[in-house]
Amino acid sequence: MRVLEIYATVQGEGIDVGRPAVFVRMAGCSVGCVWCDTKESWGFDRPAVTPAAVAAEVLRVADEAGLRSVVVTGGEPLQQPAAELAELTARLRQAGFHLAVETSGHFLPNGLATSFDLWTVSPKLPSAQARLPFTSERLQAWVAFARSLGRPAGSRPSGLQLKFVISHLEDVAAACRLIAAAEAHRAGIPIIFQPEASQAAQVFPRLPSWLHQHWPDWQHWDVRLIPQVHKLLGLP
C-alpha cells in the first residue's frame, strides 16, 4: 500500500466532528476534484509499504497522543489493494482502535464491510469537475451497502454517512436529486452538507433557506449542515 502521511489531529468533518484521531492519508486518487486541498495525495508513485509497517507507525503516533481512533483517508483509500487494507484494519482493530474511512464512493468496498466502523461516502458534485462520473446507480449500491451494515448501538458513530461538499447552490440541487433518486433518505443514513472551505462564508448562511424553498422534503431527512471545523481551528 502507498501512504502519504500519518499524523494526529482532530476530525473536522461529519458526524464524528471534534474527535481527536490519527489520520492515515493514503497516496493515489483517480477522481481529481478541482477544489481538492490535498492534491499532493493524488500520485501513485509513493514507495509501497507493508500494512504491518503502517500499523506500527499508527500505534507509535497514537500512543504519543493518547488516541484510539483512526481515520483512513486519501487520496482515495479504496484504490489501495483490498487485501492490504483488510490486513491493516485487522491489526488496528486488534489493538482496540475505532476505525473510520473516507471515500469518494467511486469504488465499491470489495469485501471490506467489516473493516471499518464508520464509512464516510462523499459523492462528487458538479463543482468538483471530477474525472470520474458519479451516478445515482452508484449511490444506490452504497445505500444497499449501508442497509447491510445497519447501525449498531454504541457510544461511537458507526455505519455509513453521506457527505456532500457544496461549492455553490447548484451543488445542493444535484445532491438532492442524487439522494432522492437513490432513496438514501429512506435508509436512515445521516446526510452532511459541507460547504467547500473557500466558499463557506457565502454558501453556508444561504443553505437552510434554499433547501426550504427548493427542496422542502429535506426537513424529513437526517440532514446536518457542518463546516470543516479543523480548518476553522487551523489544524491539518
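Read-outs: derived from the displayed coordinates by stated rules, not from any lab. Not measured: the values here are computed from a predicted model. Note: ideal-geometry Cβ built from the backbone for every residue, glycine included; neighbour counts use all protein chains shown.
Between region 17-74 and region 193-236, the alpha-carbon centres lie 25 Å apart. Using just its DSSP H runs of length 4 or more, each adding -39500 (n - 2.57), the chain gives a mean residue ellipticity at 222 nm of -9000 deg cm²/dmol after division by all residues.
So, R0 is 35 Å and r is the distance between the beta-carbons of R177 and T38; what FRET efficiency does that work out to, to 0.05? In this case the efficiency is close to 0.80. For the chain, the longest principal axis of the alpha carbon atoms and the long axis of helix 82-94 meet at an angle near 70°. In this rough spin-label picture, where each label sits 7 Å from Cα along the Cβ direction, the N110-T50 distance is 2.1 nm.
Report the paramagnetic label zone for H220: residues of region 184-205 whose backbone N is under 11 Å from a point 7 Å from Cα along the Cα-to-Cβ axis. Under 11 Å, as judged by backbone N against the label point of H220, lie 186 of region 184-205. Converting the Cα gyration tensor eigenvalues of region 3-232 into ellipsoid dimensions via √(5λ) gives semi-axes, longest first, of 28, 19, 17 Å. When the Cα positions of L88, T9, G188 are compared along the charge dipole of region 3-232, G188 comes out farthest toward the positive end, with charges on each C-beta of Lys, Arg, Asp and Glu. DSSP assigns beta bridges within the chain; of those with both partners inside it, close to 25 percent run antiparallel. Charge tally around E5: other residues with Cβ under 12 Å, Lys/Arg +1 each, Asp/Glu -1 each, net +1.
Nothing charged except the Cβ atoms of Lys and Arg (+1) and of Asp and Glu (-1): what's the magnitude of the dipole of the chain about its Cα centre? Round to the nearest 20 debye.
260 debye
Based on C-alpha pairs under 8 angstrom that are at least 6 apart in sequence, the chain has a relative contact order of 19 percent.
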